[in-house]
Structures are given as structure tokens and as C-alpha cells.
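Worksheet for the structure shown next.
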Amino acid sequence: MLINHKVVYLCKMIIYLIGYMGSGKSTLGKSLADALGFSWIDLDTEFETRYKISIPAFFEKYGENAFRELEHKVLSEFFSASDVVISTGGGTPCFHDNMKLMNQSGITVYLMASPELILSRIEATARKRPVFQLMQGNNSLQNIANHLKSREPFYKLAKITVDAANPNISELKISIQDYNTIIPGV
Ligand code: S3P
């Protein structure tokens, strides 16, 4: 007879990492996928591979609305995936009901970063970020702060929030497992 023994089933899982550009979604995504034994998908890379064009080139040629439609299409193809960590693009949760759909199909994790941290990370990477380049005005920090504020209502719908300055994989793993654990008979 098993006393005090809980049988824990982990269901099919999709973890969506969301957050502003430069919040570290790709870096955390890879480490988290390793820690969970899941596969890792970077939505931007998936987009670029699928459509054989870089995101900056796509923005330049077809504009943001077309990008958001195809971004939604690529994302939707993963709604029935299992055991995968998906690092989304910074704008993904804010268009086409994506945030609602991600919350329905998996566990959303928001990497919360300050405008200062975001700016320092964006400046440190050579990668072109069209949305950042499209921002008007000379004060980059203020631009990011304003833009982040407009996106926060979406980001804040995430099931789990972690500090982007210092993400702790072990704690995050526990929060995810708590969300997704079925304990029969309890
Ligand atoms: C975007 C962020 C980018 C990429 C695209 C649009 C945004 O991804 O999806 O350039 O709207 O914030 P990262 O967050 O990985 O830079």
C-alpha cells in the first residue's frame, strides 16, 4: 500500500515565453527547454526559415500588418504541439488574439524587464530590430518606456512572471510544474 504517495502526471505542455525585445526570451527559452527536456522553438527564426526572408527585410518589403498576419499563422501551427518551449517575438502577444490563444493552449511566462535593461541589451546586439528602428523621437529610453507601457496590458495576462534581470530556472520549473500537475485523488 502506498501511503503519502502522490502520483504526478505531467500533461502535454507548451510553454510560451513572452516579453519585450531584448528581455532574453531566446536565452531563457534554450535553457528552460534543456532543463525540462523539451524542444525549443524561436518564433522569429521559424518565420524566417518558413518564408525565406529576414524579418527586417520582410518589414521593409511588406510592412508590419502583413508581418503580424503571418506571425499569427506560424504561431497557430504550434497550438497543438507538445513538450515545447516557444520563444515568441516581442509583439506576438499584442496582435490577433495571440495572448488569449497562447493562454488557452499552454503556459505563458512573461519576462519582465525595465526600459533601462531593454535599452542596454538592444544596444549591445547588432541584430536589426525593425520595430525599434521605426520609433520616432531621439530619446530611446523614453520611446521604449512608452512602447513597453502600451504592450504591458497584454504581457500582464501571462500566467507566470519572472524577473528578466535575473531569471531563476529552478524556480521557474517549479512554477510551471505546479501549473500543470494533476494529482489523482487529491
Ligand atoms: C518585434 C520583435 C522581434 C520580431 C519583430 C517584431 C516586436 O522579436 O518579432 O522584429 O514587435 O517587438 P524579438 O522580441 O525577439 O526581438
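Structure notes:
- Test: residue in region 154-163 that is part of a strand (DSSP E or B), over 25 Å from Ile55 (Cα atoms), touching a helix residue (DSSP H, G or I) at 6+ places or on another chain (Cβ under 7 Å) and not charged (D, E, K, R): yes
- When region 36-50 is filtered for residues that are at negative phi and more than 13 Å from the ligand (Cβ to nearest atom), the ones remaining, listed by number, are Leu36, Phe38, Ser39, Trp40, Thr49, Arg50.
- Failed criterion for Ser39 (all others in (1) over 26 Å from Glu123 (Cα atoms); (2) free of Cβ contacts under 8 Å to residues at least 24 places away in the same chain; (3) polar (S, T, N, Q) hold): (2)
- Where helices (runs of 4 or more DSSP H) sit wholly within region 88-138, those with at least 3 residues that are more than 18 Å from the chain's Cα centre (by Cα) and without any contact (Cβ under 8 Å) to a residue 40 or more places away in the chain occupy 115-124.
- So Asp97, is it of a type in the set (Asp, Glu) and under 21 Å from Asp34 (Cα atoms): no
Residue-by-condition table, conditions (1) buried (at least 19 other Cβ atoms within 10 Å of the Cβ); (2) at pLDDT 95 or above; (3) among the β-branched types (Val, Ile, Thr); (4) near the ligand (Cβ under 10 Å from one of its atoms):
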{"site": "Leu2", "(1), (2), (3), (4)": "no, no, no, no"}
{"site": "Cys11", "(1), (2), (3), (4)": "no, no, no, no"}
{"site": "Tyr16", "(1), (2), (3), (4)": "yes, yes, no, no"}
{"site": "Lys30", "(1), (2), (3), (4)": "no, yes, no, no"}
{"site": "Asp83", "(1), (2), (3), (4)": "no, no, no, no"}
{"site": "Ile86", "(1), (2), (3), (4)": "yes, yes, yes, no"}
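- Gly106 of a type outside the set (A, V, I, L, M), within 9 Å of the ligand (Cβ to nearest atom), under 28 Å from Gly37 (Cβ atoms) and out of contact with any Asp or Glu (no Cβ under 8 Å at 6 or more places or on another chain): no
- Which numbered condition Lys73 misses (of (1) touching a helix residue (DSSP H, G or I) at 6+ places or on another chain (Cβ under 8 Å); (2) more than 13 Å from the ligand (Cβ to nearest atom)): (1)
The values are calculated or read from the model by the stated rules, or taken from the named source; none is laboratory data. Just so you know, these numbers come straight off a predicted model, no measurement behind them. No Cβ is skipped: glycine too gets one built from the backbone with ideal geometry, and neighbour counts run over all protein chains shown.
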